[in-house]
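The values are calculated or read from the model by the stated rules, or taken from the named source; none is laboratory data. Source: prediction; values computed, not measured. Reconstructed Cβ throughout: ideal geometry from the backbone, glycine too, with neighbour counts over all protein chains shown.
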Amino acid sequence: MSKNNQRASQPKPLHILFADDEVPLQELIADELPRMGFTVTVCPDGPTAVAAIEKNVFDCIVVDLDMPGLNGIQVIERCKQLSPGTEAIVLTGKASKDTAIAALRLGAFDYLQKPCTLVELQTRLRRVAEKRELTRQLQALQLRLARVEGQAQMVGSHPLMQRVKSLIAKVAPSGSNVLILGETGTGKELVARAIHEQSERADKPFLAVNCGAFPENLIESELFGHRKGAFTGAEENRAGLFEVVDGGTLFLDEVGELPKSMQAKLLRVLESGEVRRVGDTQPFKVDVRIVCATHRNLPQLVEAGEFRQDLWYRINTFVVELPPLRERKDDLPELARHLLLRHRPQAKSMAEPFTPEALALLRGYEWPGNIRELANVVEHAAILADGLPIREIDLPQHLLQPRAPGSLRKGILSLRELEAQAIQAALDRHAGNKTAAANELGISIKTLYNKLGQELGLRAA
């Protein structure tokens with residue numbers, strides 16, 4: 001290992017254990033890693049390393065695969081038993097990478113082939129630091145989210161929902177890839193969270209990403225990360241979402257919106273379990289469960305050549321299909337009550353927080369926007385109502401004057417109706433792709449979402 005490291009901005013200190021039986025290398029690491037901003041414990045062999053791991057918690061261990069007493073694989077196995085959150089980097093002097101790959105399968109973060117430079121080791125350690133910091137931030141955000149939302153609750157007793165709950169209970173512990181199908185607004189992310197929470201990964205990160213929300217030139221960087229200087233604007237190394245959620249579950253919503261080039265790269269990750277940052281030459285292992293969702297007809301997209309057939313086979317190992325709200329209207333009172341409690345906690349003590357007339361209006365509507373639209377309606381009513389129960393007059397105007405989904409009154413149209421008609425037509429032309437619809441309408445995606453959040457009764461709200 002040569003001494004050609006360049007000083008860079010100091011990372012957040014990590015506590016490193018370094019184990020190798022080469023004395024000159026031990027001395028070099030003991031001198032150089034503290035200068036890079038790390039604290040380091042140097043061990044000459046496997047048994048000494050294990051003894052240190054049994055007494056201390058390390059952020060990362062760097063171990064040679066060929067050491068006396070215990071080899072690097074055995075040290076990693078013991079470390080993962082005692083401290084599953086500790087990352088491992090392996091060093092190998094063999095021309096063959098088979099042993100290093102075996103270490104990666106045990107959960108090692110990365111490997112280096114000797115002889116290597118201090119710069120290469122420093123780069124790996126900085127990646128470990130980035131991953132741990134991003135994971136810490138993500139866990140903090142998830143804790144805050146859990147305090148607000150609680151655990152994922154699948155509300156409803158309709159037979160269609162009972163089947164969904166049964167499927168979730170069966171597939172969650174399996175670790176298989178899951179594809180969630182259903183119209184926009186039916187609660188696909190809620191199902192993905194429920195699958196995660198009922199799995200063995202429940203204590204690991206869960207992250208949801210809308211594949212249609214990123215420009216095509218940025219989606220690869222968002223998912224896989226990038227190196228500094230990999231492209232214009234890449235001013236620092238950045239971990240991708242696969243790296244951030246390592247060990248947990250990644251929910252890819254609207255997976256049908258992925259460009260063909262990204263479909264190929266996603267397939268490669270699913271088949272190999274390896275991710276390569278944009279601008280990097282070496283991939284690294286990740287352990288991520290994938291849950292996908294879409295409102296689009298993927299078999300039709302496959303037939304049209306817009307979606308890869310091999311990726312389709314990969315992601316639909318197990319399918320959960322969500323019914324639209326109009327097919328389970330018996331759940332409306334329970335759903336409306338559940339949503340109202342977010343805004344009016346005092347409704348919990350009431351036998352019925354909606355008047356019979358208000359419930360009749362809710363039942364009579366076809367809910368083109370499904371539960372997402374119901375949530376908007378309930379929030380509207382909670383703001384407008386002077387008290388409880390929620391009355392008919394507290395509900396949005398389009399429920400008071402019901403019409404068929406997507407249709408407008410005959411005669412002269414109001415400006416609001418013309419706007420709704422234009423937005424709905426654009427969404428229909430682009431199969432619900434909001435980015436494409438916004439571009440056609442000449443408005444920003446944020447403006448489109450704001451308008452969809454109003455009471456326009458649109459199918460892709």
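Checked against the criterion of being of a type in the set (D, E, K, R), loosely packed, with under 15 Cβ neighbours inside 10 Å and touching a residue at least 12 places away in the same chain (Cβ under 8 Å), the candidates 126, 105 yield just one match: 105.
What's the total number of residues in the range 353-388 that are closer than 23 Å to residue 160 by Cβ and part of a helix (DSSP H, G or I)? Let's see the steps before the verdict.
So in the range 353-388, the residues closer than 23 Å to residue 160 by Cβ come out as 354, 359-378.
Okay, now just the ones that are also part of a helix (DSSP H, G or I), so 359-364, 370-378.
Selection size over the range 353-388: 15.
If a residue must be small (Gly, Ala, Ser) and either in contact with an Asp or Glu (Cβ under 8 Å, 6 or more places away or on another chain) or not in a helix (DSSP H, G or I) (or both), how many such residues does the range 329-343 contain? Total meeting the criteria: 0. Quick check: anything in the range 227-240 touching a Phe, Trp or Tyr at 6+ places or on another chain (Cβ under 8 Å), surrounded by 17 or more Cβ atoms within 10 Å (Cβ to Cβ) and at pLDDT 90 or above? So far as the range 227-240 goes, no, none of its residues is touching a Phe, Trp or Tyr at 6+ places or on another chain (Cβ under 8 Å), surrounded by 17 or more Cβ atoms within 10 Å (Cβ to Cβ) and at pLDDT 90 or above.
Could you identify the single residue in 216, 222, 133, 189 that is among the acidic types (Asp, Glu), surrounded by fewer than 20 Cβ atoms within 10 Å (Cβ to Cβ), out of contact with any strand residue (DSSP E or B) (no Cβ under 6 Å at 6 or more places or on another chain) and modelled with pLDDT of 85 or more?
Working: 216 fails: modelled with pLDDT of 85 or more; 133 fails: modelled with pLDDT of 85 or more; 189 fails: out of contact with any strand residue (DSSP E or B) (no Cβ under 6 Å at 6 or more places or on another chain).
Matching residue, one of 216, 222, 133, 189: 222.
Residues that are assigned to a helix (DSSP H, G or I) and touching a residue at least 40 places away in the same chain (Cβ under 8 Å) within the range 297-319 comprise 298, 301, 310, 311, 314, 315, listed in sequence order.
Scanning the range 208-218 turns up no residue that is touching a helix residue (DSSP H, G or I) at 6+ places or on another chain (Cβ under 6 Å), among the aromatic types (Phe, Trp, Tyr) and part of a strand (DSSP E or B). Residue 247 fulfils the conditions (1) in contact with a helix residue (DSSP H, G or I) (Cβ under 8 Å, 6 or more places away or on another chain); (2) free of Cβ contacts under 8 Å to residues at least 60 places away in the same chain except for a single criterion, (1).
Within the range 86-97, the set of residues being over 19 Å from residue 50 (Cα atoms) and at pLDDT 70 or above comprises just one member, 93. Residue 250: under 21 Å from residue 295 (Cβ atoms) and touching a Leu at 6+ places or on another chain (Cβ under 6 Å), yes or no? Yes, satisfied.
Please work out if residue 357 is within 29 Å of residue 200 (Cα to Cα) and either of a type in the set (Lys, Arg) or in contact (Cβ under 8 Å) with a residue 24 or more places away in the chain (or both).
Details: within 29 Å of residue 200 (Cα to Cα): no; either of a type in the set (Lys, Arg) or in contact (Cβ under 8 Å) with a residue 24 or more places away in the chain (or both): yes.
No: the conditions fail for residue 357.
The requirement of being part of a loop (DSSP other than H, G, I, E, B) and small (Gly, Ala, Ser) is not satisfied by residue 256. Select from the range 412-430 the residues that are among the hydrophobic types (A, V, I, L, M, F, W, C), at pLDDT 70 or above and either surrounded by fewer than 16 Cβ atoms within 10 Å (Cβ to Cβ) or in the same structural domain as residue 216 (by TED's automatic domain parsing) (or both) and list them in ascending order. Correct list: 422, 425. Scanning the range 45-70 for residues that are β-branched (Val, Ile, Thr) and part of a helix (DSSP H, G or I) returns 48, 50, 53. Of the residues that make up the range 214-227, is at least one touching a residue at least 60 places away in the same chain (Cβ under 8 Å) and either assigned by TED's automatic domain parsing to the domain that holds residue 102 or within 19 Å of residue 132 (Cα to Cα) (or both)? So far as the range 214-227 goes, no, none of its residues is touching a residue at least 60 places away in the same chain (Cβ under 8 Å) and either assigned by TED's automatic domain parsing to the domain that holds residue 102 or within 19 Å of residue 132 (Cα to Cα) (or both). If you scan the range 31-47, which residues turn out to be closer than 10 Å to residue 16 by Cα and surrounded by 17 or more Cβ atoms within 10 Å (Cβ to Cβ)? Selection gives 33, 38, 40, 41, 42.
When the residues of the range 248-283 are filtered to those that are of a type in the set (Ser, Thr, Tyr) and surrounded by fewer than 17 Cβ atoms within 10 Å (Cβ to Cβ), the one that is farthest from the chain's Cα centre (by Cα) is 281.
Among the listed residues 452, 362, 395, identify the single one that is at pLDDT below 85 and surrounded by 13 or more Cβ atoms within 10 Å (Cβ to Cβ).
Matching residue, one of 452, 362, 395: 452.
Considering only residues in the range 423-435 that are within 23 Å of the chain's Cα centre (by Cα) and part of a helix (DSSP H, G or I), the one that is farthest from residue 451 (Cα to Cα) turns out to be 435. Contact map, the range 166-195: residues that are over 20 Å from residue 434 (Cβ atoms) paired with residues that are buried (at least 22 other Cβ atoms within 10 Å of the Cβ) and basic (Lys, Arg), Cβ distance under 9 Å, separation 6+ or inter-chain. Pairs shown: 175/289; 176/289; 177/289; 178/289; 195/289.
Hey, could you check the range 168-200 for residues that are in a loop (DSSP other than H, G, I, E, B) and among the hydroxyl-bearing types (Ser, Thr, Tyr) and say which is nearest to residue 211 (Cα to Cα)? The selected residue is 184.
State whether the residues of the range 344-352 include one that is at pLDDT 95 or above, outside any loop (DSSP other than H, G, I, E, B) and not charged (D, E, K, R).
Taking the range 344-352 as the starting set, the residues that turn out to be at pLDDT 95 or above are none.
Checked the range 344-352: no residue is at pLDDT 95 or above, outside any loop (DSSP other than H, G, I, E, B) and not charged (D, E, K, R).
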